[in-house]
């Protein structure tokens, strides 16, 4: 494992070069978030007699977007899928076929390094936002909820990575994977709960979405934090999320084994 710790160290050093870019990205990313929060405040104020929307009070709705921003900061895949596709197209993966280093583990270490630096840089503006919105920020109901939320966030990060990794491996078959990545991002953004809480949708549609991995890429951990998933439903959701992580890992391994059979590189 020492070589992978070394990879994380190198990844942190390389990613530090982009710390200013991360800071600006985090700061400007708060602008649409604030617009969404004020939009929901206008919705609640337009009907003072309505205390909640789909079971969300104003504080719960605001907390949903604040916690979603925090989860996204900790788990989102940045440039990893593009870099993986570039490694395949440029023949850079040849070195991993000749050395005792697993490419998936190597990329996972770089992903972790990137999240460490991005989170460290983005923590300041996000902390300021949370401080400003502290009146509307709900805390976990108890320590168990906080612990399950932390576990769910880790599973979310792994699921995000395995899905993006598998999508990038399509570069073994197609010249340009950008279309597939953008389609995946669109589905994830809509069906993952970035745009709005999924439980405001009609129950049949929500039930259909629960058969996909998308809710477990953001919506589920945020719902755990807010206490909207409790009891047996909580543990069932956590098991399903872990199952999607295992399925994502297995699919990534299978696609790699199939793709590497088609891979060829020339030159030295």
| note | Here FRET efficiency (C-beta to C-beta, residue 205 to residue 5, R₀ 45 Å, nearest 0.05) is 0.50
| note | Relative contact order in percent for the chain (Cα pairs under 8 Å, 6+ apart) equals 27 percent
| remark: the chain: spread of alpha-carbon positions along the three principal axes, whole Å, largest first, is 71, 41, 35
| request: Convert 25 °C to kelvin, take the viscosity as 0.890 mPa s, use the Kirkwood radius over C-alpha pairs of the range 176-252 as Rh, and evaluate the Stokes-Einstein diffusion coefficient in µm²/s, rounded to a whole number. | output: 185 µm²/s
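Any read-out appearing in this document is the output of simple, stated calculations on the displayed coordinates, not a laboratory observation. This one's a predicted model, so the numbers in the text were calculated from it and none came from an experiment. Don't worry about glycine lacking a Cβ; one is built from the backbone with ideal geometry, like all the others, and counts go over all protein chains shown.
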